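A.B. asks: One structure coming up, written as structure tokens, with questions to follow.
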Amino acid sequence: MPILVIAEHDNQNLKAATLNTVTAALKLGADVHVLIAGAGCAAAAQAAAKVAGVTKVLVADAAHYEAQGAENVAELVKGLARDYSHVLAPASSAGKNMLPRVAAQLDVAQISDIVGIEAADTFVRPIYAGNALATVRSADPIKVITVRSTAFEAAGEGGAAAVEAIPAAADLGLSALVGREITKSARPELGAARIIVSGGRGVGSGENYHALLEPLADKLGAALGASRAAVDAGYVPNDYQVGQTGKIVAPQLYIAVGISGAIQHLAGMKDSKVIVAINKDPEAPIFQVADYGLVGDLFELVPALAQAA
Amino acid sequence: MKILVPVKRVVDYNVKVRVKADGSGVDIANVKMSMNPFDEIAVEEAVRLKEAGVATEVVAVSCGVAACQETLRAAMAIGADRGILVETDVELQPLAVAKLLKAVADKEGPTLVICGKQAIDDDANQTGQMLAALAGWPQATFASKLTLSDGKASVMREIDGGLETLSIQLPAVVTTDLRLNEPRYATLPNIMKAKKKPLDTVKPAELGVDVAPRLSTLKVAEPPKRSAGVRVADVAQLVDKLKNEAKVL
């Protein structure tokens, strides 16, 4: 039986995490179909058709998928899922929100946030904030799975899948989107960035955060992140947060500035290829995971790094 | 209106768990157990709604071993009015818990269920959404602000890239994110008072729910260790290492 990937998209483009999810699906060794549920989403469907390895794109285009609300999308997926052995979505805030509804309606377990595939029914997933890795086997007829995007490469381009329109499911009318405040930024998004510059409580204030870290991020073409402490202190909005309960990232280079290295922060970034820690406290736990540590005054070192890099 | 708050007993968030030598799980013998922090936020939110005169009763529910009574007492010390323990020694997975909560909700008839968004042991992030689906209710996960009026809930949610606000019909399930509130510390008088609050116990069979696990854990392992690297003396050396050794610049 084929495998269904629920795409994350904005009706125009695919979100990067969809490509990593397709790679996970391809490892299962069957045809991979992608579902685009949206409104006016033909462009996103075309983008999905070009993803290497995808054999079919299903498009449900209806006004009530505009906001891609969990209730309506889950209802649609539930109707499709019986024809699939696996249903996968990215473990992004949208996927985590929607997919458990599908699993419950199908009366199957969900396997959350997988980082490895051992067999078609056996998966590896982190537990206890990544302090342990559990290998679990599902006995259910349909495997419903969210995929940690940093654990799988992004699928490339070069596919030419058929695009098939499918009928929308009923509008349940349970929920209405009132509004979205999306942070506008010219920088790469956290989940897909090659380099991340991240600030913690040590930067001292929201003003300092921007004054100190933005020039460095601009110079490196990096995304900006933050520790939970910096978000809780109001330096930056919640969507900057890297950690167990924020975003899980694994860039080529992660520069932690004024971040002490709480377990829950490490859970979100310890799979980065190279970690640099800049902190005035030589005992900070972040140095235990950093490849390169620099002890000293952030307000001298970070501008100097921006200059020299 | 009644609010139902599920609470889970988990390894305390300050404890660094160890994987057992035989790879069968993590060692939780003699480890401090506490209420899941996200559930604490859920209890706090429900109690605040009661204090504001919006809710009339806050009922805490916990599913698991007999010791979950402590977790229910902790919820009642924050201000929940009573507790329900669905007692079983079977390892409970999110789908089973959602079914048990659905059965409790059918009996109790809450207008709102507030859950933690995820438990910090299995990190599954499923139960609230599954309960909403089983009940046919709307959901608002990862809430950072909750307002109830005119039979609806307005919920600000944390999403990738920012925030969104949903208006959902009641009854509904809301799951809490970190910034919804800061839970109070339970005072000693309230801890004493909580000991006298009603606590009922039921068994999954009485609720007609099959709680058999669907996933079997084959192995639990330590993640690959990251070893500490080197201290560099200055910015120039750091840039040199990043360019020539790590080759990431």
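The values are calculated or read from the model by the stated rules, or taken from the named source; none is laboratory data. Bear in mind that the values here come from a model prediction, so they are computed numbers and not experimental data. For neighbour counting, all protein chains shown are included, and Cβ atoms are generated from backbone atoms with ideal geometry for every residue, glycine included.
A.B. asks: Among residues belonging to the stretch B:71-80 that are under 17 Å from residue B:116 (Cβ atoms) and not aliphatic (A, V, I, L, M), point out the one that is surrounded by the most Cβ atoms within 10 Å (Cβ to Cβ).
C.D. replies: B:71
A.B. asks: Taking only the stretch A:1-26 into account, find how many residues are at pLDDT below 95 and assigned to a strand (DSSP E or B).
C.D. replies: Final tally of qualifying residues: 0.
A.B. asks: Could you list all residues from the stretch B:145-171 that are facing chain A (nearest Cβ under 9 Å), hydroxyl-bearing (Ser, Thr, Tyr) and either more than 22 Å from residue A:10 (Cβ to Cβ) or touching a residue at least 40 places away in the same chain (Cβ under 8 Å) (or both)?
C.D. replies: Correct list: B:154 only.
A.B. asks: Please tell me if residue A:160 is crowded, with 21+ Cβ neighbours inside 10 Å and touching a residue at least 24 places away in the same chain (Cβ under 8 Å).
C.D. replies: No: the conditions fail for residue A:160.
A.B. asks: Related question: If I ask for residues that are under 21 Å from residue A:130 (Cβ atoms) and at the interface with chain A (Cβ under 7 Å from one of its Cβ atoms), which ones from the stretch B:223-233 would you list?
C.D. replies: Answer for the stretch B:223-233, where residues must be under 21 Å from residue A:130 (Cβ atoms) and at the interface with chain A (Cβ under 7 Å from one of its Cβ atoms): B:223, B:226, B:228, B:229.
A.B. asks: Can you report the number of residues in the stretch A:78-112 which are facing chain B (nearest Cβ under 9 Å), closer than 12 Å to residue A:146 by Cα and buried (at least 24 other Cβ atoms within 10 Å of the Cβ)?
C.D. replies: 13
A.B. asks: Further question on the same structure: Kindly check whether there is at least one residue in the stretch B:184-201 that is in contact (Cβ under 8 Å) with a residue 24 or more places away in the chain, within 10 Å of another protein chain (Cβ to nearest Cβ) and aliphatic (A, V, I, L, M).
C.D. replies: No: zero hits.
A.B. asks: Does any residue in the stretch A:172-199 that is of a type in the set (A, V, I, L, M, F, W, C) come within less than 6 Å, Cβ to Cβ, of a residue that is at pLDDT below 90 and part of a loop (DSSP other than H, G, I, E, B) six or more places away or on a different chain, and which pairs are these?
C.D. replies: As it stands, the answer is A:182/B:161, since those pairs meet every condition given.
A.B. asks: Quick one: residue B:62 ticks every box in (1) within 14 Å of another protein chain (Cβ to nearest Cβ); (2) in contact with a helix residue (DSSP H, G or I) (Cβ under 7 Å, 6 or more places away or on another chain); (3) closer than 30 Å to residue A:138 by Cβ; (4) not in a loop (DSSP other than H, G, I, E, B) except a single one, so which number is it?
C.D. replies: Only one criterion in (1) within 14 Å of another protein chain (Cβ to nearest Cβ); (2) in contact with a helix residue (DSSP H, G or I) (Cβ under 7 Å, 6 or more places away or on another chain); (3) closer than 30 Å to residue A:138 by Cβ; (4) not in a loop (DSSP other than H, G, I, E, B) is unmet by residue B:62, namely (1).
A.B. asks: Within the stretch A:66-75, is there a residue that is touching a Gly at 6+ places or on another chain (Cβ under 9 Å) and farther than 19 Å from residue B:139 by Cα?
C.D. replies: no
A.B. asks: Moving on. Within the stretch A:55-71, is there a residue that is assigned to a loop (DSSP other than H, G, I, E, B), polar (S, T, N, Q) and within 24 Å of residue A:103 (Cα to Cα)?
C.D. replies: Looking through the stretch A:55-71, at least one residue is assigned to a loop (DSSP other than H, G, I, E, B), polar (S, T, N, Q) and within 24 Å of residue A:103 (Cα to Cα).
A.B. asks: In contact with a Ser or Thr (Cβ under 9 Å, 6 or more places away or on another chain), of a type outside the set (Gly, Ala, Ser) and more than 9 Å from chain A (Cβ to nearest Cβ) - does that describe any residue in the stretch B:207-218?
C.D. replies: Yes, because at least one residue in the stretch B:207-218 is in contact with a Ser or Thr (Cβ under 9 Å, 6 or more places away or on another chain), of a type outside the set (Gly, Ala, Ser) and more than 9 Å from chain A (Cβ to nearest Cβ).
A.B. asks: Looking at this structure, is residue B:91 among the acidic types (Asp, Glu), outside any helix (DSSP H, G or I), touching a residue at least 40 places away in the same chain (Cβ under 8 Å) and surrounded by fewer than 23 Cβ atoms within 10 Å (Cβ to Cβ)?
C.D. replies: When the stated conditions are applied, residue B:91 passes them.
A.B. asks: So residue A:235 ticks every box in (1) closer than 25 Å to residue A:90 by Cα; (2) touching a residue at least 24 places away in the same chain (Cβ under 8 Å) but one. Which box is left unticked?
C.D. replies: Every listed condition holds for residue A:235 apart from (1).
A.B. asks: For residues that are in contact (Cβ under 8 Å) with a residue 40 or more places away in the chain and more than 9 Å from every other protein chain (Cβ to nearest Cβ), scanning just the stretch A:113-140, find the one that is surrounded by the most Cβ atoms within 10 Å (Cβ to Cβ).
C.D. replies: The qualifying residue surrounded by the most Cβ atoms within 10 Å (Cβ to Cβ) is A:114.
A.B. asks: Quick check on residue B:41: is it without any contact (Cβ under 8 Å) to a residue 24 or more places away in the chain and either more than 27 Å from residue B:132 (Cβ to Cβ) or within 14 Å of chain A (Cβ to nearest Cβ) (or both)?
C.D. replies: No: the conditions fail for residue B:41.
A.B. asks: Please count how many residues of the stretch B:120-143 are small (Gly, Ala, Ser) and within 7 Å of chain A (Cβ to nearest Cβ).
C.D. replies: Residues meeting the conditions: 3.
A.B. asks: Here is a follow-up. With a cut-off of at least 2 residues that are of a type outside the set (S, T, N, Q) and more than 19 Å from the chain's Cα centre (by Cα), name the strands (runs of 3 or more DSSP E) lying wholly within the stretch A:80-141.
C.D. replies: In the stretch A:80-141, the matching strands (runs of 3 or more DSSP E) lie at A:116-119, A:132-138.
Let's see how each residue does on (1) closer than 22 Å to residue B:37 by Cβ; (2) hydroxyl-bearing (Ser, Thr, Tyr):
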residue	(1), (2)
B:76	yes, no
B:89	no, no
B:115	yes, no
B:120	yes, no
B:124	yes, no
B:141	yes, yes
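Quick grid of which residues meet (1) crowded, with 20+ Cβ neighbours inside 10 Å; (2) in contact with a Cys (Cβ under 8 Å, 6 or more places away or on another chain):
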site	(1), (2)
B:152	no, no
B:158	yes, no
B:166	yes, no
B:169	no, no
B:173	yes, yes
B:176	yes, yes
B:182	no, no
B:188	no, no
B:193	no, no
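A.B. asks: Right, something else. Consider residue A:33 against the criteria (1) touching a Lys or Arg at 6+ places or on another chain (Cβ under 6 Å); (2) within 8 Å of another protein chain (Cβ to nearest Cβ); (3) farther than 30 Å from residue B:28 by Cβ; (4) of a type outside the set (D, E, K, R): it satisfies all of them except one. Which criterion is unmet?
C.D. replies: Answer for residue A:33: the failing condition is (2).
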